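Shown next, in structure tokens, is the structure this report addresses.
The values are calculated or read from the model by the stated rules, or taken from the named source; none is laboratory data. Model, not experiment: these values are computed from the prediction. For neighbour counting, all protein chains shown are included, and Cβ atoms are generated from backbone atoms with ideal geometry for every residue, glycine included. Just so you know, the surface numbers come from the protein's heavy atoms only, side chains and all, with ligands and any DNA or RNA stripped out. Shrake-Rupley method; radii C 1.70, N 1.55, O 1.52, S 1.80 Å.
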Amino acid sequence: MRFDARVEVTLREGIADPEGATIERALPALGFSGVHEVRAGRSFRLVVDADSEAAARELAQSLADRLLANPVLERAAVELAPR
Amino acid sequence: MGPRVGVVVFPGTNCEYDAATALGSLGADVRYVWHHTVSLDGLDVVILPGGFAHGDYLRPGAIASFSEVMGAVAEFAEAGGAVVGICNGFQVLCESGLLPGALQKNAGLTFLCQPTEVEVASDRSVLTRGVTLGRRLTIPINHFSGAYVCDDATLAALNDGDRVLLRYTHNPNGSVDDIAGIANERGNVVGLMPHPERASSELLGSSDGLVLFEALLASVRATV
């Protein structure tokens with residue numbers, strides 16, 4: 001089976017996010033109000049071959065935790081869709 | 001013959017010549033070590049110099065931490081060998097788990113290239129052994145991701161274990177607790193963001209970096 005996987009890597013709660021804070025500060029200057037708690041992150045797209053959805057999820061989560069995210073700073077969330 | 005120092009070179013490393021020259025000027029017997037090297041036998045010191053290993057893709061140090069040489073560096077450190085990661089090398093040591101914590105983007109989101117003043121906060125590490133506590137050194141930084149970050153338990157362990165070797169006197173990048181350099185529990189693996197090799201001659205504006213390199217070579221001579 002083949003799956004489209006999206007891995008979203010975001011900073012953990014409590015880790016300062018200067019990028020998100022800078023984006024948030026820029027919004028009022030552009031006329032956007034009422035926007036709070038902007039957090040910046042990264043998104044990765046992968047195609048995964050596995051015997052089951054559970055196996056694909058485990059593989060994607062495992063490579064995300066090992067390589068795509070630094071567990072000291074970040075957490076990785078995996079979304080899967082069958083192809 | 002002086003201590004045998006290996007300076008690791010990854011694709012994208014750019015401070016290896018400066019580090020080799022500074023250590024060579026103090027009498028070290030320096031050679032370069034390519035990142036595919038799997039044995040560090042015969043070396044007394046391993047330096048992971050600054051630069052942009054593997055283009056800093058993904059995160060600084062992330063790809064380099066899986067290099068073949070890093071397995072050898074871990075074994076070398078385990079056997080008590082002196083390992084010093086400077087700037088990008090510090091990032092590699094954190095990514096590979098040889099030092100705790102991580103280096104995050106600078107608080108001001110700007111690349112910082114400037115002389116900084118640091119204070120020697122521990123004399124237990126191979127890089128600061130014998131250096132007077134509280135001594136202030138002017139050494140340049142040159143980084144975008146240099147803000148040291150760790151959880152509260154790690155910070156307590158660093159402080160309780162006397163493992164913070166250098167602190168900024170004027171925190172330039174948002175590092176937790178003004179940390180500029182840390183060591184592992186045994187003090188033989190050290191990482192720091194300032195570049196001692198760039199403060200290795202009065203012609204460069206400061207020779208304070210030699211204080212650290214002299215301490216490093218003296219630490220090694222004492223144990224060889």
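Quick notes
- Condition check for A:Leu46: within 30 Å of B:Pro100 (Cβ to Cβ), more than 13 Å from every other protein chain (Cβ to nearest Cβ) and part of a strand (DSSP E or B): yes
- The stretch B:163-209, subset at pLDDT 95 or above, in a loop (DSSP other than H, G, I, E, B) and among the small types (Gly, Ala, Ser), residue farthest from B:Leu133 (Cα to Cα): B:Gly174
- Test for B:Ala222: is it within 14 Å of chain A (Cβ to nearest Cβ), of a type in the set (Gly, Ala, Ser) and more than 21 Å from B:Thr21 (Cα to Cα): no
- Within the stretch A:2-18, the set of residues being within 14 Å of chain B (Cβ to nearest Cβ) and buried (at least 16 other Cβ atoms within 10 Å of the Cβ) comprises A:Val7, A:Val9, A:Thr10, A:Leu11, A:Ile15, A:Ala16, A:Asp17, A:Pro18.
- Condition broken by A:Val78, with the remaining ones in (1) in a strand (DSSP E or B); (2) more than 10 Å from every other protein chain (Cβ to nearest Cβ); (3) open to solvent by 30 Å² or more (accessible area, probe 1.4 Å); (4) closer than 29 Å to B:Gly61 by Cβ satisfied: (3)
- Flag for B:Ala107 being surrounded by fewer than 21 Cβ atoms within 10 Å (Cβ to Cβ) and in contact with a Gly (Cβ under 7 Å, 6 or more places away or on another chain): yes
- Restricting attention to the stretch A:49-75, the residues that are without any contact (Cβ under 8 Å) to a residue 60 or more places away in the chain, part of a loop (DSSP other than H, G, I, E, B) and either in contact with a His (Cβ under 6 Å, 6 or more places away or on another chain) or within 14 Å of chain B (Cβ to nearest Cβ) (or both) add up to 3.
- Failed criterion for B:Asp152 (all others in (1) open to solvent by 20 Å² or more (accessible area, probe 1.4 Å); (2) within 20 Å of B:Gly51 (Cα to Cα) hold): (2)
- For the stretch B:211-224, a residue qualifies if it is in a helix (DSSP H, G or I) and open to solvent by 30 Å² or more (accessible area, probe 1.4 Å), and the qualifying residues are B:Glu214, B:Ala218, B:Arg221, B:Ala222, B:Thr223.
- Complete set of residues in the stretch B:95-122 that are without any contact (Cβ under 8 Å) to a residue 40 or more places away in the chain, more than 9 Å from every other protein chain (Cβ to nearest Cβ) and not β-branched (Val, Ile, Thr): B:Ser96, B:Gly97, B:Phe111, B:Cys113
- Among the criteria (1) free of Cβ contacts under 8 Å to residues at least 12 places away in the same chain; (2) within 13 Å of the chain's Cα centre (by Cα), the one A:Leu11 does not fulfil is (1).
- Filter pass, B:Leu203 being open to solvent by less than 10 Å² (accessible area, probe 1.4 Å) and hydrophobic (A, V, I, L, M, F, W, C): no
- Residue tally, condition open to solvent by 40 Å² or more (accessible area, probe 1.4 Å), free of Cβ contacts under 8 Å to residues at least 60 places away in the same chain and within 21 Å of B:Ala218 (Cβ to Cβ), over the stretch B:1-25: 2
- Options B:Leu99, B:Leu133, B:Leu127: the member that is at pLDDT 95 or above, on the phi < 0 side of the Ramachandran plot, part of a loop (DSSP other than H, G, I, E, B) and open to solvent by 50 Å² or more (accessible area, probe 1.4 Å): B:Leu133
- Qualifying residue in the stretch B:88-100 (condition: among the aromatic types (Phe, Trp, Tyr), closer than 15 Å to B:Leu165 by Cβ and in contact with a Leu (Cβ under 9 Å, 6 or more places away or on another chain)): yes
- Scanning the stretch A:24-36 for residues that are touching a helix residue (DSSP H, G or I) at 6+ places or on another chain (Cβ under 8 Å) and open to solvent by 70 Å² or more (accessible area, probe 1.4 Å) yields a single hit, A:His36.
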